[in-house]
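The values are calculated or read from the model by the stated rules, or taken from the named source; none is laboratory data. Given the structure is predicted, the values throughout are model-derived calculations rather than measurements. Note that we place each Cβ from the backbone using ideal geometry, even for glycine, and neighbour counts take in every protein chain shown. The accessibility values were calculated without ligands, DNA or RNA, using every heavy atom of the protein model including side chains. Shrake-Rupley method; radii C 1.70, N 1.55, O 1.52, S 1.80 Å.
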Amino acid sequence: MILNIYDKKEVIKTYEAEQYDLMFGTVEDLMTIFDVDSLKTGSDVELIKLVSNSLPKCMNIIKPLLKDIFDGLSDDELRQVKLVEVAVIIVDVIKYALEQISTGFGSKK
C-alpha cells in the first residue's frame, strides 16, 4: 500500500507498507462502520462506493488505522493526503480483512 503526502499538487513524501497484520479490534471497528453485509459482488467499484459514503463520519477510526499501517505518519501529514488515496487504502484493508476471515474459516477443520 502506498500513501502520498502532498504540498498542493506535488508529492513531497511517500509512505509504503507491504504487509499489515489486522488486529481483531480493527476489523471489528471497520465492520461496524462499513456495512459489508450490503455488498452484492465485493467488486472494487462497490467497495469504493461503500467506503466513500461512510468515510467522512469515521475519521476517528481511520486516522489511527492509517498511522498504524504507515509507521511514522503524523497528524499534520494526514492533512496533506488526498481523500481518494485514503479510500483506496481502506478498500484494500477491507478486502484483506474479508479474505483473512474467509480463508481462516476454510482452513480450520
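Summary table
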| read-out | value |
| --- | --- |
| Accessible surface, the chain, averaged per residue in Å² (probe 1.4 Å) | 67 Å² |
| Solvent-accessible area of Met23 with every protein chain in place, 1.4 Å probe, in Å² to the nearest 10 | 120 Å² |
| Non-local Lys pairs in the chain, i.e. 8 or more apart or on different chains, that have alpha carbons under 13 Å apart | 4 |
| Dipole in debye (nearest 20) - the chain, about Cα centre, beta carbon charges: Lys, Arg +1; Asp, Glu -1 | 280 debye |
| J(HN,Hα) series, the range 74-86, from Karplus relation 6.51 cos²θ - 1.76 cosθ + 1.60, nearest Hz, glycine and proline x | 9, 4, 4, 5, 4, 5, 10, 10, 6, 4, 4, 5, 5 |
| Within the accessible area of the chain (1.4 Å probe), percent carbon and sulfur | 52 percent |
| The range 46-54 - phi-based ³J(HN,Hα) in whole Hz, Karplus 6.51/-1.76/1.60, Gly and Pro as x | 5, 5, 4, 5, 4, 5, 5, 6, 9 |
| Heavy atoms of Tyr20: accessible area, 1.4 Å probe, square angstrom to 10 | 30 Å² |
